[in-house]
Amino acid sequence: MILKTVAHRCSTQFVLKSSARLKRSLKYHSTSELIMRAGLATMSNQSPIREGILLGMGNPLLDMTVVRGGVDLLVKYKLDANNAVLASPQQLAIFKEIVDKYSPTYIAGGATQNSVRVAQWLLGKHWATTFLGSAADDMYKHILEDSAHGVGVNVQYQIYPGEHTGVCAAIITGENRSLITELGAASKFCPSFLHKPDIWALVEAAQFYYVGGFLLTVSPEAVLEVSKHSSLQNKVCSSNLHAPFLCKHFADPKLGLLQYIDLLFGNGDEAREFAKEAGLGRSREVMDDVKEIALKTAALPKANPSRPRIVIFTQGGKKPIVLATQGEVREFPVTALDPADIKDTNGCGDAFVGGFLAQLVQGKSLDDCLRCGAYASKVVIQHYGCTFPPHPDFV
């Protein structure tokens, strides 16, 4: 599950078409050419999918999904209908109230773990993916673990006895979803776990990384360690802005994370917030043009300039997906999914990323990556939580 404005980006079926020439006389190239020029194509298109090729690192959470009566919860706990927050002390009572009064559905979640599970589902090869996070030794941890193992993810949790596994309440109202999280043991993840020889061996084995933005509130040191390793070894590191309140971490010059990120996902609201935090506009200018923000974000300095950054921003509704790299931008039109087919928007943004990464690690064209992201998002939005059928039929 993604703690961000997923409904705006995900209540759509992404249909990729040839877009019209963009304004301002921007150069236009096929996405196959863009991906080659951006340096994201690797030897993976010359060999079979191998074990551990993709490693994700983030907060594993058990989703508690409420589909009836959620408006009262939004009002009582002062939550927006379509947002993502960490629970304040005044809001912690919501989790017990949901358990006691709302008969929630429990589903394995956590934004990054969801994306990794979707990628694994599409890749098919056992343990093609690895996920690192922290949890307690409790029933909820076993639910998360079984869900990931069931699709073939090699899950490695840093265990904290005496804590409780993190939870996220997903309150569904119409096509909106409000997410509120208590991290629990997920808040304990630390770099020392990475230093265990068997864990670092998994990090070294990967060629692609997906480090969740939410982990920046927990262990920015761990995020930096993996992203720096990726950059130094000329691998591919991707991340996600994940929520407006996280954008300040990506823009923080002292942290300096963005220089190691080769592929950045986000949505329009997050893009605008990042632009404000990073000072991308002129003095006191508020940037609103997502295409321009994507171009400026892609052009920010990188530690490994041999891999120019690719930025992908979704915008919701029928607004196009924006992709920018190397001073060029492309739009991908979308058409809305029939509202009757939408069961739950929670998790479909994670699915989009998972579908994209499943093709990227195979060296497929960026068109195929986006098409698979759209496919995965469309599948998940027709289920509750980030769940899917036993076998994909993407071709």
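The values are calculated or read from the model by the stated rules, or taken from the named source; none is laboratory data. Just so we're clear, the structure is a prediction, and the values are computed from it rather than from any experiment. Reconstructed Cβ throughout: ideal geometry from the backbone, glycine too, with neighbour counts over all protein chains shown. Note: areas computed on protein heavy atoms with side chains; ligands, DNA, RNA excluded. Shrake-Rupley method; radii C 1.70, N 1.55, O 1.52, S 1.80 Å.
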- Residue list for segment 136-145, restricted to those being open to solvent by less than 20 Å² (accessible area, probe 1.4 Å) and closer than 23 Å to Val379 by Cβ: Leu144
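Applying the selection to segment 301-337, what residues are charged (D, E, K, R) and either surrounded by fewer than 15 Cβ atoms within 10 Å (Cβ to Cβ) or not in a loop (DSSP other than H, G, I, E, B) (or both)?
The answer is Lys318, Glu328, Arg330, Glu331.
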- Single residue of segment 54-78 satisfying the filter (assigned to a loop (DSSP other than H, G, I, E, B) and out of contact with any helix residue (DSSP H, G or I) (no Cβ under 7 Å at 6 or more places or on another chain)) that is nearest to Tyr157 (Cα to Cα): Val67
- Hits in segment 148-182 (condition: among the acidic types (Asp, Glu) and farther than 19 Å from Asp100 by Cβ): Glu163, Glu175
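Conditions (1) without any contact (Cβ under 8 Å) to a residue 24 or more places away in the chain; (2) out of contact with any strand residue (DSSP E or B) (no Cβ under 9 Å at 6 or more places or on another chain); (3) crowded, with 18+ Cβ neighbours inside 10 Å, marked per residue:
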position	(1), (2), (3)
Val75	yes, yes, no
Glu97	no, yes, no
Pro104	no, no, yes
Gln113	no, no, yes
Arg117	no, no, yes
Leu123	no, no, yes
Ser134	no, no, yes
- Among the residues of segment 72-100, count how many are out of contact with any Leu (no Cβ under 9 Å at 6 or more places or on another chain), at negative phi and not hydrophobic (A, V, I, L, M, F, W, C). 9
- Of all residues in segment 240-267, which are touching a helix residue (DSSP H, G or I) at 6+ places or on another chain (Cβ under 6 Å) and part of a strand (DSSP E or B)? Asn240, Phe265, Asn267
- Within segment 373-385, can you find the residues that are within 15 Å of the chain's Cα centre (by Cα) and not in a loop (DSSP other than H, G, I, E, B)? Gly373, Ala374, Ala376, Ser377, Val380
